[in-house]
Every structure is written in structure tokens, then in C-alpha cells.
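Enquirer: Would you mind keeping the following structure in view while I ask a few things?
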Amino acid sequence: MIEKMKFLSITGPKSDFDRVVNVYLNKYEIHLENALSELRSVHDLKPFIEINPYKEVLAKAEELLEKLDNKAPAAKSDMTPRKASEIIINLTAELETLDARKKDLKEKRDHLRDLMTKIQPFRHLDYEVNKILNFKFTKFRFGRISHEYFNKFSKYVYENLTTLFLECDRDAEYVWGVYFVPAAYSVKIDAIYSSLHFERTYLPAEYEGTPEDAYKLINKKLDKVLNQLKEVAALEKEKLITRSDEILLAHETLSTFSRNFDVRKLAACTKSSDSELFYFILCGWMTEDNTKAFLKDIEEDPNVYCLSDDEHGDLTTKPPTKLKNFRLFKPFEMFVKMYGLPAYNEIDPTSFVAITYSLLFGIMFGDVGQGLCLVIGGTLLYKLKKMSLAAIIATAGVFSTIMGFLYGSLFGFEDIIPHLWLKPMDNVMTILLTAVGFGAVLILVSMILNIINGIKARDAEKIFFDTNGIAGLVFYGAAIVCVLLVSSGKALPAAVILILFFAVPLLIIFFREPLAHFVEKKTKIFPDNKGMFFLESFFELLEILLSYITNSISFLRVGAFALSHAAMMGVVMLLANVESANPNIFILILGNAFVAGMEGLIVGIQVLRLEYYEMFSRFYKGTGKVFKPYKNK
């Protein structure tokens with residue numbers, strides 16, 4: 001069912017706003033609305049505009065929180081926002097110093113690694129790098145050349161050039177080295193090397209001694225920098241660990257006060273007519289029980305005033321929907337929410353879905369053994385994971401078990417337990433006709449629910465003239481009665497009665513729009529284009545008649561799946577050779593698992609389809625607004 005809502009207007013001194021939010025809004029569930037939008041008729045209302053003072057420091061607190069390994073909730077303790085801000089600001093300042101030190105060390109580390117990478121291929125060169133870099137009359141070039149061009153260079157070119165190439169290292173693709181050339185010939189020699197795709201490496205003047213000595217020295221410096229980085233990181237981690245409880249509590253405090261402060265966006269302000277005091281106004285929806293408790297709680301608070309309103313007609317927004325169902329039915333709210341929450345003035349179909357879904361599932365999937373497996377598996381999964389779907393499976397499994405006793409089926413065996421009703425494969429027509437009959441009853445119930453929704457919404461067309469209103473209910477009910485009379489060999493009622501129960505409802509459905517306009521006392525009863533109206537209404541009536549037939553026949557699938565389950569288990573029994581003295585137990589277990597898994601999934605989907613398309617479409621819109629209490633944010 002849907003909990004009854006009351007619209008509250010809470011007001012008090014503007015200076016007391018944070019206390020009211022912190023004390024009451026965090027205690028009682030209230031769905032807040034924009035006060036300026038809801039109270040348009042109130043004069044001199046202004047938006048409650050202030051800059052959130054906690055936003056910046058909260059962002060810093062969240063940065064610190066990201067660095068914590070343990071993000072368990074802080075111990076419950078009172079902390080003022082001022083104290084929380086001081087903790088975060090001071091710790092952030094300390095960590096910023098460490099971060100600056102860390103950044104400097106990382107830059108040094110990257111630079112040293114770059115130096116090592118550049119000098120690495122030339123470590124076999126037995127000459128001091130800084131001396132080479134200071135040559136004046138001899139040019140030098142460090143770099144690499146691919147094996148293909150190096151072989152051609154060595155074989156055909158090198159002997160005829162005024163240059164010296166010293167190979168230092170090589171890998172799978174390149175030969176690394178340095179070549180020397182007199183300054184007078186450098187332009188010509190550089191051009192030749194360039195034509196051979198020589199890739200030059202520029203060494204900075206920071207190396208000391210030979211490349212090997214320089215590499216080892218840089219490596220020592222790098223180790224020192226890395227150790228310093230570890231020390232800074234350890235110091236930072238130690239600070240965070242030792243003050244983690246303070247950080248968590250400060251973050252929680254700032255989050256609460258920041259969230260409370262942001263409520264100002266939904267509040268309005270007004271000035272007292274007889275003083276200079278400013279007052280805030282908050283509006284929102286609260287359940288009836290919470291409203292009573294809240295009003296009683298503020299009786300002793302002289303600074304808080306509240307007005308509650310049961311009438312919702314003058315409001316710009318619809319009341320939100322909060323579902324409240326029995327514990328057994330509550331998991332089925334998942335299916336309702338998938339389709340859409342009921343509007344505040346609609347019937348909550350959760351209990352209807354819970355009963356019909358479980359019953360249809362049981363009829364289509366009747367087996368004592370497999371049903372018990374669904375019950376046990378669904379119950380365990382619900383206990384461990386708290387999944388609504390698992391609870392639905394367990395409930396559906398109960399009905400499967402019950403129908404299994406009625407069918408006399410246990411893990412596909414039809415002769416172990418006696419059937420309490422009938423065996424599906426021995427009574428095919430009975431199963432199919434019963435399924436259609438049961439579906440017709442559900443369609444009638446859906447029409448009655450639609451009429452109730454129409455009464456709640458005060459919609460005359462929906463109550464009297466709609467396809468699923470009283471007119472449709474009378475026609476469809478009369479059709480079912482006639483079918484039953486014919487099938488039982490009894491005579492049909494007199495023609496006058498048939499006209500009354502068939503022709504009159506169809507005429508009412510045909511003229512439903514003009515009749516609704518007449519009841520609502522509108523000036524225009526018929527549309528301007530009457531010819532088009534009659535043509536459209538005629539084809540709509542044909543479609544309605546066809547839909548009554550197809551919707552009823554759609555429930556044949558209920559009986560068909562009951563038969564298919566028995567047939568599939570018959571195949572499993574045949575494959576397992578259960579008639580022999582040594583049946584294949586493995587095939588029997590595997591077959592039961594396969595049928596239970598595959599058919600259970602298909603049946604579950606098919607039942608949901610029947611719920612949505614054959615029943616929900618007749619009475620339910622699902623246009624409700626979710627109840628979002630501020631307390632749970």
C-alpha cells in the first residue's frame with residue numbers, strides 16, 4: 001500500500017536554520033520541495049542565498065580521505081564544524097609541505113633516470129665524457145644507426161671517410177656509438193652519416209669521468225633520491241594513519257554541515273511584518289506517522305513552527321510515493337518499480353503482483369522437488385545477499401511445490417507421489433481451458449482495479465466509459481458467462497438481455513469521449529470532424545474486441561508451459577533410462593538441473609510479461625514520484 005502523505009511548511013528564525021535542519025531533518029524522513037515554487041501565493045518571499053562556507057574545506061577533506069587506506073566510518077562523537085575545519089586545514093598545510101618536497105624529489109628522480117638512459121648505451125667508451133664535450137678542433141656525435149645501414153657503412157663507405165667511429169653497444173635493432181671528425185670536414189661527414197639515418201643523442205654536460213663512472217655515480221644519486229622519496233611517503237602515511245580517526249570524523253562533520261547548508265537552495269526567506277527579523281520557510285512531504293511524531297517533538301521548541309496540510313489540490317507538485325507492504329510482499333516491489341512507481345492516488349499493485357506472479361509461476365512450473373530447490377536456494381541467497389529477486393524465487397518455489405503435489409510430480413517422476421488434482425499430460429484440454437479461465441478472472445480483477453483507480457482519480461471516463469471501466473467489465477463478463485453457458489450445453493439468455501449486456505456497453509465504449517465531455521459539462525461534446533471521429537471509433541472498437549480475445553488466449557501459455565515442463569522431464573527420464581534396473585543417476589541430476597534453470601528462467605520472464613501486458617496495461621500507469629527523504633541522503 002501507499003503511505004499517506006502530509007504537506008508540511010516549517011518556519012523559524014533565519015539564524016536558527018542550521019540547528020533546525022541538523023536536529024529535525026536528520027531525525028525525521030521528509031521529502032523536501034522548493035518553497036518558492038510551492039508558496040507562490042505568499043508575498044515577499046525571497047530565495048535563501050548564502051555561499052556554502054564548508055564547500056572548500058570539504059573538498060580538501062575528501063582529498064585526504066582518498067589517501068587513507070582505512071575508510072571505515074568514524075567513531076560517533078560530537079565535533080564542531082570549526083574544529084573539523086581546523087583539523088583539515090592544518091593537516092593539509094603539513095601535507096602540502098611534504099607534497100612540495102615529494103614533487104621536487106620526483107623531478108630529480110626523473111632527471112637522473114633520463115641521464116642514465118642517455119649514457120647507458122655508451123658505458124663501454126673508455127674516455128671521460130666531459131673531455132669529449134670540450135673538444136674544440138674535433139667534432140663528435142653520439143648516437144645510433146640501424147644494423148642494415150651500419151653493415152653497408154662498414155663495408156663500402158667507412159674506409160674512404162675521414163672519420164673514426166667507435167662502437168659502444170648494440171641491441172637487436174641498433175648499433176650505438178660515437179664518431180669523431182676533424183672540424184674542417186664535419187659538414188660533409190655529418191651529411192653522409194645523416195644519409196645513413198644516424199640518430200643523434202645529445203648528452204648534457206653533467207657527466208663526470210668515463211660513461212661507466214658517470215653511470216655509477218648517477219645511479220648512487222638516484223638511490224639516494226629514491227630513499228628520500230620513501231622517507232617522505234612514510235612520513236606522510238604515518239601522519240595520515242595517526243590522525244585517521246580525526247580525518248574521518250572531520251570529514252563526516254563537514255559533510256553533514258555542508259549538506260545541511262545546501263538545504264538553503266530549497267528554502268525561502270521572508271521578513272516579519274512587525275519586526276526586523278527574517279524567517280526561513282521549508283516545505284516538504286512527510287508520512288502521517290512521522291508528521292505526528294514531528295509535531296509532538298517541536299511542541300517544546302519555541303523557535304519552530306509547522307503547518308500541516310491534508311489537501312493537496314492547491315500544490316504545484318504531486319505527493320511522492322512511499323510503498324509500505326508486508327514483509328512477504330516487499331520483494332515484489334522490485335517488479336512494480338521496474339514498471340514505474342504508482343502515483344499517489346493509484347492503487348499499489350505490489351500485493352496483487354505477489355499473489356498472481358507466484359500463483360502463475362507455480363501453475364507453469366509445478367514440481368515438488370524442483371520447487372523445494374528454488375525455495376532453499378532463493379532463501380539462502382536472500383539471507384546472504386539480501387537480493388529481492390532471491391526472495392521472489394523462494395516465494396515462487398513455494399507455489400511450485402504446492403502445484404507439484406497437485407500434479408503429482410517429484411523431480412519429473414509422476415508415480416512416486418499421488419496427484420491431488422490431475423496429471424498435465426493426461427488432461428491436456430483441461431489444463432489449457434483452466435489456464436484461459438484463470439486468465440479471464442485475472443483480466444476481470446484488473447478491470448475492477450482500474451475502476452477503483454478511476455474513482456480515486458475522479459475520472460468519469462475511466463470509471464464508466466473506458467475499455468477497462470464498467471462498460472468493458474460488463475461486456476467482457478457477459479462474454480465469459482455466454483461461453484460458459486454454451487460449453488456446458490445450456491441455453492443463452494433472451495435477446496433483450498444479450499443486447500443489454502453486449503450492444504449497450506459497446507455503444508458506451510464507442511461514444512466514450514463525447515459521453516465524458518457531457519459528464520464533465522464541456523461546451524463541445526463532439527469533435528468538429530464527426531466523420532473522422534466515427535471512422536476512428538469504429539476501428540478502435542474492432543481493435544478492442546480483438547484485444548479481448550487475444551488477451552484471453554494469451555493465458556494459454558500458462559497451461560502450455562505446465563505441459564512443456566512435464567514433456568521435458570519425460571525426455572530426461574527417457575535419456576536417464578529410469579525404467580531399467582540401473583538408471584543413469586548423472587543424467588537424471590543433470591537433466592533436472594538443466595530443466596529447472598532454463599525453464600525456471602523462461603517461466604519467470606513469461607509470467608512477468610503477463611503481469612505487465614495483460615494486467616498492468618489495464619489499470620496501472622506507474623507515473624509516481626519517488627519519495628526521497630533528506631535524512632537518507
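The values are calculated or read from the model by the stated rules, or taken from the named source; none is laboratory data. Bear in mind that the values here come from a model prediction, so they are computed numbers and not experimental data. Note: ideal-geometry Cβ built from the backbone for every residue, glycine included; neighbour counts use all protein chains shown.
Enquirer: In the stretch 139-162, which residue that is out of contact with any Ser or Thr (no Cβ under 8 Å at 6 or more places or on another chain), modelled with pLDDT of 90 or more and closer than 24 Å to Ala183 by Cβ is surrounded by the most Cβ atoms within 10 Å (Cβ to Cβ)?
Expert: Ile145
Enquirer: Out of the residues in the stretch 499-513 meeting the condition of being touching a Leu at 6+ places or on another chain (Cβ under 7 Å) and not β-branched (Val, Ile, Thr), tell me which one is nearest to Ala471 (Cα to Cα).
Expert: The selected residue is Leu506.
Enquirer: Please determine whether any residue of the stretch 571-589 is within 37 Å of the chain's Cα centre (by Cα) and in a helix (DSSP H, G or I).
Expert: Yes, because at least one residue in the stretch 571-589 is within 37 Å of the chain's Cα centre (by Cα) and in a helix (DSSP H, G or I).
Enquirer: Same structure, new question: Out of curiosity, is Ala354 part of a helix (DSSP H, G or I), more than 19 Å from Glu599 (Cα to Cα) and touching a residue at least 12 places away in the same chain (Cβ under 8 Å)?
Expert: So Ala354 fits the description; yes.
Enquirer: Any chance you could count how many residues in the stretch 574-626 are surrounded by fewer than 19 Cβ atoms within 10 Å (Cβ to Cβ) and either of a type in the set (Phe, Trp, Tyr) or touching a strand residue (DSSP E or B) at 6+ places or on another chain (Cβ under 9 Å) (or both)?
Expert: The total comes to 7.
Okay, residues lined up against (1) within 33 Å of the chain's Cα centre (by Cα); (2) surrounded by 20 or more Cβ atoms within 10 Å (Cβ to Cβ); (3) free of Cβ contacts under 8 Å to residues at least 12 places away in the same chain:
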site: Lys4; (1), (2), (3): yes, no, no
site: Ser9; (1), (2), (3): yes, no, no
site: Asn22; (1), (2), (3): yes, no, no
site: Leu58; (1), (2), (3): yes, yes, no
site: Leu68; (1), (2), (3): yes, no, no
site: Glu86; (1), (2), (3): no, no, yes
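Enquirer: Asn468 passes all but one of (1) assigned to a helix (DSSP H, G or I); (2) surrounded by 16 or more Cβ atoms within 10 Å (Cβ to Cβ); which number fails?
Expert: If we test Asn468 against (1) assigned to a helix (DSSP H, G or I); (2) surrounded by 16 or more Cβ atoms within 10 Å (Cβ to Cβ), just (1) comes out false.
Enquirer: Sticking with this one: Can you pull out the residues in the stretch 43-89 that are at pLDDT below 85 and aromatic (Phe, Trp, Tyr)?
Expert: Phe48, the sole residue that qualifies.
Enquirer: When you look at Asn134, is it polar (S, T, N, Q), assigned to a loop (DSSP other than H, G, I, E, B) and within 30 Å of Asn227 (Cβ to Cβ), yes or no?
Expert: no
Enquirer: Next question. Among (1) surrounded by 13 or more Cβ atoms within 10 Å (Cβ to Cβ); (2) in contact (Cβ under 8 Å) with a residue 12 or more places away in the chain, there is one condition Asp310 misses while meeting the rest; what is its number?
Expert: (1)
Enquirer: Only one of (1) within 26 Å of Arg609 (Cα to Cα); (2) of a type in the set (Lys, Arg); (3) surrounded by fewer than 18 Cβ atoms within 10 Å (Cβ to Cβ) is not met by Lys462, so which one is it?
Expert: So Lys462 meets the others, but not (3).
Enquirer: Taking interchain pairs and intrachain pairs at least six residues apart, which have beta carbon atoms under 9 angstrom, with the first residue in the stretch 597-624 and modelled with pLDDT of 90 or more and the second part of a helix (DSSP H, G or I) and among the acidic types (Asp, Glu)?
Expert: none
Enquirer: In the stretch 330-347, how many are out of contact with any Gly (no Cβ under 8 Å at 6 or more places or on another chain) and either closer than 14 Å to Val626 by Cβ or surrounded by fewer than 21 Cβ atoms within 10 Å (Cβ to Cβ) (or both)?
Expert: Residues that pass the stated criteria total 7.
Enquirer: Scan the stretch 514-537 and tell me whether some residue there is crowded, with 18+ Cβ neighbours inside 10 Å, modelled with pLDDT under 90 and under 30 Å from Val436 (Cβ atoms).
Expert: no
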